[in-house]
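The values are calculated or read from the model by the stated rules, or taken from the named source; none is laboratory data. Please read these numbers as outputs of a predicted model, since none were measured by experiment. Cβ atoms come from the backbone with ideal geometry, glycine included; neighbour counts cover every protein chain shown. Accessible surface areas use protein heavy atoms only, side chains included; no ligands, DNA or RNA. Shrake-Rupley method; radii C 1.70, N 1.55, O 1.52, S 1.80 Å.
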Amino acid sequence: GGFQDLEGGFSIEYLVFDTFGCTNPTSLNYDPCANMDDGSCDVLGCTDPTADNYNSNATLDDGSCIISGCTDLAADNYNASANNDDGSCIFSGCTNPAADNYDPGANLDDGSCIISGCTNPLADNYDVTATLDDGSCIISGCTDPIADNYNASANNDDGSCIFLGCTDNTACNFDSNANSNDGSCTY
């Protein structure tokens, strides 16, 4: 520093001092006099690293963080931190419209569907999709307990009962109830 003689004139040398502070003009605490950044700049933004709009330069959270997830309390995957519903909510339940307990709000079948119907594979109206027997099974067969081919499981008489006996009306032991000759006729 000092004075310098330049062709008969004088010039003054200036001393420049380092002034520390925030040199970012977009910062809240910008210091226009600072010429050396000291890392103290306050930058507003989202400071949550799990947020969709996380700003790694932000030093002060401004409440703008967007966290996507399921925001429905009733959902299986409700995210209490989420403030932006991204459509990922999962509702478990029965998704089969034919079921007794169909849940139109369910989007994930949890195997709980109940379909009432006949579950007996031997029945005339067996329903392969039924999971709960509702007593509607129809089993055709001979329902007369004195018939030779009586079917104790049958609940629908199909006219197939067989009554053995002598069917010849000229025989001494003719049986008017018999519909199948058993060879026992006597004359």
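With R₀ set to 41 Å, the beta-carbon distance separating residue 153 from residue 77 gives a calculated FRET efficiency near 0.30. Calculated from the structure at hand, log10 I(q)/I(0) by the Debye sum over Cα atoms at q = 0.09, 0.13, 0.14, 0.18 Å⁻¹ is found among (1) -0.48, -0.75, -0.84, -1.19; (2) -0.73, -0.93, -0.97, -1.13; (3) -0.37, -0.75, -0.86, -1.26 as (2). As a fraction of the 1.4 Å probe accessible area of the range 31-92, surface on carbon and sulfur atoms comes out at 49 percent. Placing +1 on the Cβ of every Lys and Arg and -1 on the Cβ of every Asp and Glu, with nothing else charged, gives the chain a dipole about its Cα centre of roughly 580 debye.
Note on residue 17 and residue 86: their simple-model spin labels are 5.3 nm apart, each label 7 Å out from Cα toward Cβ.
Other residues whose C-beta falls under 14 angstrom from the C-beta of residue 38 contribute a net charge of -4, scoring Lys and Arg +1 and Asp and Glu -1. Counting only protein heavy atoms and a 1.4 Å probe, the range 83-187 has 61 square angstrom of accessible area per residue. Computed over the chain with a Gaussian network model linking Cα atoms closer than 10 Å, the most mobile of 97, 25, 49 is 25. Projecting label points 7 angstrom from Cα along Cα→Cβ for residue 101 and residue 181 puts them 6.1 nm apart. When cysteine pairs in the chain are screened for C-beta atoms closer than 4.7 angstrom, the residues that find no partner are 33, 172.
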